[in-house]
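Asks: Attaching a single structure in structure tokens format; questions to follow.
The values are calculated or read from the model by the stated rules, or taken from the named source; none is laboratory data. If you're wondering where the values come from, they're calculated on a predicted model, not measured in any experiment. In this analysis, Cβ positions are derived from the backbone assuming ideal geometry, glycine residues included, and neighbour counts consider all displayed protein chains.
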């Protein structure tokens with residue numbers, strides 16, 4: 001039995017598939033296996049969510065064209081083509097942090113691939129304890145719950161996988177090719193367009209679950225806030241037109257799922273190779289602030305995703321965490 005969101009998403013699919021033609025209440029009832037009364041309740045709910053659905057006693061229902069379409073769980077579910085990522089969605093108009101909620105859900109047993117999405121966040125979180133500016137109505141804020149059968153030491157590879165998935169998705173919508181900054185920031189025009197925060201629960205020999213939080217600047221004006229001025233970019237600003245958020249979210253979940261399945265089937269080597277294709281730091285001077293400060297020449301990453309740096313002494317240091325800054329190209 002489908003849940004309410006799945007049923008309403010199926011109604012939207014039926015109406016869109018029929019274009020300007022009407023779909024009878026009987027057809028919807030038969031397709032979903034629910035009563036005509038239940039169909040009517042769903043129609044009311046969808047109208048309240050912002051869908052322009054016209055009804056005729058003799059003809060049935062038709063979905064009027066509307067732009068932009070609502071951004072909600074029904075819209076995302078109706079457009080998804082995945083079989084894992086996003087098959088269960090928790091959507092919030094406003095939330096403190098999608099990662100905080102996803103961690104709670106994961107501890108309660110939420111399935112592999114469950115996602116949390118918010119229209120806005122009031123306490124968005126980034127790496128190293130930083131905040132993430134999260135105004136409503138303009139960007140994508142989402143967290144994905146994963147349960148990969150990997151040891152904790154391979155968690156860094158999942159972080160790189162997330163960066164590859166985000167960079168590939170950004171590249172499909174942006175006229176400017178994205179780059180990644182180790183380990184997982186995504187940049188366009190040398191400014192951050194997306195950030196990723198990975199958190200996990202693990203034991204000595206296995207990962208219980210991971211939560212990958214992703215924030216992507218889609219349609220906000222970076223100049224509108226002191227927090228983002230001079231450091232952030234947005235895809236819509238580069239495009240000169242808004243990015244449809246549902247389309248971006250569904251593309252991201254599809255791309256992420258493909259890379260996730262590839263890693264589980266083939267290991268992380270394809271992920272590393274793809275990540276290197278988005279990285280432009282090899283050969284550049286780099287500084288890392290962390291438990292100890294390091295500087296030198298970046299040599300790329302090793303087979304476990306650690307950053308390799310040749311220090312002035314000639315020694316090669318392996319960096320597994322820290323705040324990285326590169327010399328200007």
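Asks: Return the total of residues in the range 291-329 being outside any loop (DSSP other than H, G, I, E, B) and touching a residue at least 24 places away in the same chain (Cβ under 8 Å).
Replies: 10
Asks: Another question, then. Looking at the range 303-327 only, could you name the residues that are within 20 Å of residue 269 (Cα to Cα) and either at pLDDT 90 or above or crowded, with 16+ Cβ neighbours inside 10 Å (or both)?
Replies: Of everything in the range 303-327, those that are within 20 Å of residue 269 (Cα to Cα) and either at pLDDT 90 or above or crowded, with 16+ Cβ neighbours inside 10 Å (or both) turn out to be 305, 306, 307, 308, 318, 319.
Asks: So, in the range 249-284, of the ones that are touching a strand residue (DSSP E or B) at 6+ places or on another chain (Cβ under 6 Å) and touching a residue at least 40 places away in the same chain (Cβ under 8 Å), which residue ends up surrounded by the most Cβ atoms within 10 Å (Cβ to Cβ)?
Replies: For the range 249-284, the residue satisfying everything is 249.
Asks: May I ask you to list the residues in the range 40-50 that are touching a helix residue (DSSP H, G or I) at 6+ places or on another chain (Cβ under 6 Å) and modelled with pLDDT of 95 or more?
Replies: So in the range 40-50, the residues touching a helix residue (DSSP H, G or I) at 6+ places or on another chain (Cβ under 6 Å) come out as 42, 46.
Of everything in the range 40-50, just one residue is touching a helix residue (DSSP H, G or I) at 6+ places or on another chain (Cβ under 6 Å) and modelled with pLDDT of 95 or more, namely 42.
Asks: Please verify whether residue 119 is in contact (Cβ under 8 Å) with a residue 40 or more places away in the chain, in the same structural domain as residue 223 (by TED's automatic domain parsing) and more than 30 Å from residue 262 (Cβ to Cβ), treating the condition exactly as stated.
Replies: It is true that residue 119 is in contact (Cβ under 8 Å) with a residue 40 or more places away in the chain, in the same structural domain as residue 223 (by TED's automatic domain parsing) and more than 30 Å from residue 262 (Cβ to Cβ).
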